[in-house]
């Protein structure tokens, strides 16, 4: 592997020098602004220094593989194997470079083995500086490999990309966002960290689906159904929503519960309904839903609480879908815990499509370590977020969150305040 530094009057020129000298496959390790030209770097002009690297291993030509048209799967296996070999060769080169510098450092420390180079104190300092540079470069290369070999980007955007990935934003989405910011930023702002970070957050906000528009009303009563897996806090969330709409918005509210499986669920909701003076009914079969809705036909909003179901049970989900279809809701909110890992959340959304959710509620935001999965899920499934919950207190600890607030939460890893 060859590693080389280039300087130019602009970042673009320095990047072009890297590609021209090392080839189009070269990767950018780091970039920084330096001052050159005056005594002790005073009165000099600003320059951009870019460090590039290229793997000297010559890739095996794909033409050496004799592929039959019908063996596409085998050809794909060969391509994956070839990519794995390239990465192994690159890592082997990195280890070899590290060993060479480590050996050089050990030789310099041997008694009586001081070379002419290390005899000079100034050269020793320079050598140590070079070794530190190489260590930093190796770390940067490892990061480069880890994050799918990102193209040339300023340091701030490289760090922004790493931050997004560390906060569990999908890697491809993070790459697309920072590259879009880079493409739209002129040279005057390319080293302005605060400006670039604001642009990255704005780009994050831009991929968040807008709030869902209300469905055309066919009747006076708006029906809101909450569905989701077990343990995500649906009953507590529906109690919060009912309380806010009655006590804050002054609407006429009713509750229906179909959660007859979980011990204590009906009693919990009935106790709350009694305190808030909200009428409540329980249904045991989908056929009973229409009767209860007719009873509450003069209400402004009817909140329908459903039983939590595992996304792995198709039978239970099909039973749940019958209750939801009988309610014919205006809004179907899928409640997900913000602390659930993204693979499980993806599986939940895929399996709960049978009940046709059109909004997301993220509960337990206060328990989540990162917020990147929320963004990735909303973007991938084009589902808007309606509410987030941040605790157990009723009717508090629930609120709406706009795109700018959520984007800032994803990037900083800190919960936005109401």
- [ ] Taking residue 262 as meeting all but one of (1) in a loop (DSSP other than H, G, I, E, B); (2) crowded, with 20+ Cβ neighbours inside 10 Å, write down the number of the exception.
- [x] (2)
Open item on the list: crowded, with 20+ Cβ neighbours inside 10 Å, touching a residue at least 12 places away in the same chain (Cβ under 8 Å) and under 25 Å from residue 383 (Cβ atoms): which single residue out of 207, 232 fits that description?
Closed with: 232
Task: residue 141 being modelled with pLDDT under 85, surrounded by 14 or more Cβ atoms within 10 Å (Cβ to Cβ) and touching a strand residue (DSSP E or B) at 6+ places or on another chain (Cβ under 9 Å) - done: yes
Open item on the list: I'm told residue 294 meets every condition in (1) without any contact (Cβ under 8 Å) to a residue 40 or more places away in the chain; (2) crowded, with 21+ Cβ neighbours inside 10 Å; (3) more than 30 Å from residue 167 (Cα to Cα) except one. Can you identify the failing condition by its number?
Closed with: (2)
- [ ] Search the range 151-183 for residues being more than 17 Å from the chain's Cα centre (by Cα) and touching a residue at least 40 places away in the same chain (Cβ under 8 Å), and hand back the single one that is surrounded by the most Cβ atoms within 10 Å (Cβ to Cβ).
- [x] 154
- [ ] Tell me, yes or no, whether the range 251-259 has at least one residue that is outside any helix (DSSP H, G or I), without any contact (Cβ under 8 Å) to a residue 12 or more places away in the chain and within 22 Å of residue 400 (Cα to Cα).
- [x] no
Open item on the list: Just checking, does the range 357-367 include any residue being at positive phi and touching a residue at least 40 places away in the same chain (Cβ under 8 Å)?
Closed with: yes
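The values are calculated or read from the model by the stated rules, or taken from the named source; none is laboratory data. All of these numbers come straight from a predicted model, not from anything done at the bench. Reconstructed Cβ throughout: ideal geometry from the backbone, glycine too, with neighbour counts over all protein chains shown.
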